[in-house]
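Beneath this line is the structure, given in structure tokens, with notes to follow.
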Amino acid sequence: MPKAVTTALEEFEVIEGDDALHDFGGSHGGKGHDFASFWVIQRVTELEQAKPSDYLFVCEYMQDVAEFDSSTAPTRVQLYQLKKKEDGYWTPLTLTGQSGKSKTPNPDKPIWKLLRHVRTVTLAKATGAFVTNGKFKVELASGQSSVNDTRIGLDRLDAAHASKLKAAIAAVEGIDPADVDLSSVELRSEAIAINDLQRHANGVMLEFLSTVAPEHAGQAASLVDTLYIELKKTARRTEKCSSWDELVSRRGFTRGKFQKAVEDLKTIPDRTAARTALFDDISKSWRNLDRARVLAALTRCAREKVLVGEASRWNSKDMLRHMFEVADEEQWPDQQRFETACVLLTDERNDLSRDEIRALSIFEMTEWDLSQIPA
């Protein structure tokens, strides 16, 4: 450390000011940084289910993402290196640069950097994780296959690879290899749809809200959009901060910010309730079987609209806009709007069943009505 520090917070401030401890990874508009933003959203939903008192995420702090246990008095940090994998396995060669008989690690490889950064933190508990959508093909001390393991601590590597990695780290730090704790870093494979990150995040958020705030589950996509914009904004601000408070304010994503985003959902009309009310009104004279079929289709429509958006089979973008504008101007009753919507959608979407046309008409009527409410 450049100067003597006595608290974990002071140490984190010193680390923030040390250019050698930052590992900025290229353009912030690319898929890699989208991976980081959407992954943090997923991680936040995991944390929230455990109901912690606080947490803080900072992008581009030593590694791609740093997760602290507190935004005011941190005592733990988890560093995440996030890497997407288009095909194949992660191997010792790509992870640590170890190959051949010598198995000497390469300082330019991701695991070396992650392990070194974790070991930089001395006054707080520090751990690290290499997170990827790919799988690992590494030699384990147990002799078993690693391909289906989703979490692999470096201490589980076979003796040949582990001993060389510990010896190399020890040589750089001037310590005994026995003092290098490989268990502080793990390889982590997660089921992430890397080519459709937003859809994956929408699904995760939908499941989360269905559990903690079912009345707002239909707004999962809106919440993901809000969080994504906030995280991208903070990730772009990679300039150094002179104090911990400044770091939290300018580049941090706290539990408080997440809770405010969820709280703000309450100011948005409950789409599910609005759809149900309109459905009940439109269908009051229908046979019970028809009601059940259309309601099931309406539920599928709403869910897939959240998960996939206009790329779903329920796409009806702008097909009804002109009709809705005329209906508003001439004050059509809901039944007239519904019947007209069904005719227009049947002409445009003859691939949908009669039940699905009815469901989509009710969905789009609700969306239009809510969009006309002043902000």
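For the stretch 211-277, how big is the tail of P(r) above 13 Å, as a whole percent of Cα pairs? Don't jump to the answer; show the numbers that get you there.
Values: 1522 of 2211 pairs.
Above the 13 Å cut-off, the stretch 211-277 has 69 percent of its Cα pairs.
Relative contact order, whole percent, for the stretch 8-264 stands at 22, derived from Cα pairs under 8 Å and 6 or more residues apart. Here the simple spin-label model places points 7 Å from the Cα toward Cβ, and for A191 and R291 these points are separated by 3.7 nm.
Evaluate E = 1/(1 + (r/R0)^6) for S99 and S312, where r is the Cβ-Cβ distance and R0 equals 45 Å; express this FRET efficiency to the nearest 0.05.
On the way: r = 46 Å, r/R0 = 1.01.
Efficiency for this residue pair is about 0.50.
Pairs of Cα atoms in the chain fall into 20 Å distance bins, from 0 up to the last occupied one, in shares of 25, 44, 24, 7, 0 percent. Counting only Cα atoms, the size of the stretch 1-158 along its three principal axes is 44, 36, 34 Å, in decreasing order.
Could you work out how much longer the chain between E10 and D347 gets when fully extended? Use 0.36 nm per residue separation minus the Cα distance between them, nm to one decimal.
Details: separation 337, 0.36 × 337 = 121.32 nm, distance 6.67 nm.
Full extension of this stretch gives 114.7 nm more.
For the pair the stretch 355-370 / the stretch 310-334, the C-alpha centres are spaced 8 Å from each other.
Summarising the label geometry, the points placed 7 Å from Cα in the beta-carbon direction at D158 and E304 lie 4.9 nm from one another.
Output needed for the stretch 271-371: three equivalent-ellipsoid semi-axes, defined as square roots of 5 times the C-alpha gyration tensor eigenvalues, in descending order, whole Å.
Working: eigenvalues 65, 57, 36 Å².
They are 18, 17, 13 Å, listed largest first.
Of A66, A170, A129, the residue with the greatest mean-square motion in the GNM of the chain, using alpha carbon springs below 10 Å, is A170. The label-point distance for A50 and T211, in a model that sets each label 7 Å from Cα toward Cβ, rounds to 1.3 nm.
Only the coordinates and a few stated rules stand behind these numbers; no lab work does. Please read these numbers as outputs of a predicted model, since none were measured by experiment. Please note: Cβ atoms are built from the backbone with ideal geometry, for glycine as well, and neighbour counts cover all protein chains shown.
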